[in-house]
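What follows is a short report on a single structure.
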Amino acid sequence: MNKKSPIAHKIVHEASEKCQSECGIARMWATCFWSAQVFLAAILLMTWLRRRSRPAHTVADLIGIVACAKLCIGCLLIFNYTQKVVREPVAIGGVYEITCALALLKDAMSGGKTGSKRA
């Protein structure tokens, strides 16, 4: 279990790679982070699929919550890039998270009606 990842050197600096391979708490937080991302994506997908059968304001509230979570994650990824904890691919992921968050916030602020044909 305490092995270096075969691709870690492409996404984190050597000191971070060594720390994570030797530190259980770092692996735990990484697992929590990626698990949260999976659940957020599932919530967003479920909301999108059920959008037509639910009141728009309920959907907009949920989308707003997901958007805020994605905005926080994106900012954390970029911050860690600036602190030389992670490399460029992770920073790009942070930019993507922030971009998605802004699009979702726009949708939530419009009451969940962005891109739909509802008036």
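The values are calculated or read from the model by the stated rules, or taken from the named source; none is laboratory data. Owing to the predicted nature of the structure, the values given are computational and were not obtained by experimental measurement. Please note: Cβ atoms are built from the backbone with ideal geometry, for glycine as well, and neighbour counts cover all protein chains shown. Just so you know, the surface numbers come from the protein's heavy atoms only, side chains and all, with ligands and any DNA or RNA stripped out. Shrake-Rupley method; radii C 1.70, N 1.55, O 1.52, S 1.80 Å.
A search for C-beta distances below 6 Å between a residue of segment 18-44 that is modelled with pLDDT of 75 or more and of a type outside the set (S, T, N, Q) and any residue that is open to solvent by 80 Å² or more (accessible area, probe 1.4 Å) and not in a helix (DSSP H, G or I), counting only pairs 6+ apart in sequence or on different chains, returns nothing. Among the residues in segment 82-102, are any in a helix (DSSP H, G or I), at pLDDT below 75 and open to solvent by less than 100 Å² (accessible area, probe 1.4 Å)? No, because not a single residue in segment 82-102 is in a helix (DSSP H, G or I), at pLDDT below 75 and open to solvent by less than 100 Å² (accessible area, probe 1.4 Å).
For Cys68, the criteria (1) modelled with pLDDT of 85 or more; (2) out of contact with any Lys or Arg (no Cβ under 6 Å at 6 or more places or on another chain); (3) surrounded by 14 or more Cβ atoms within 10 Å (Cβ to Cβ) hold in every case but one, which is (1).
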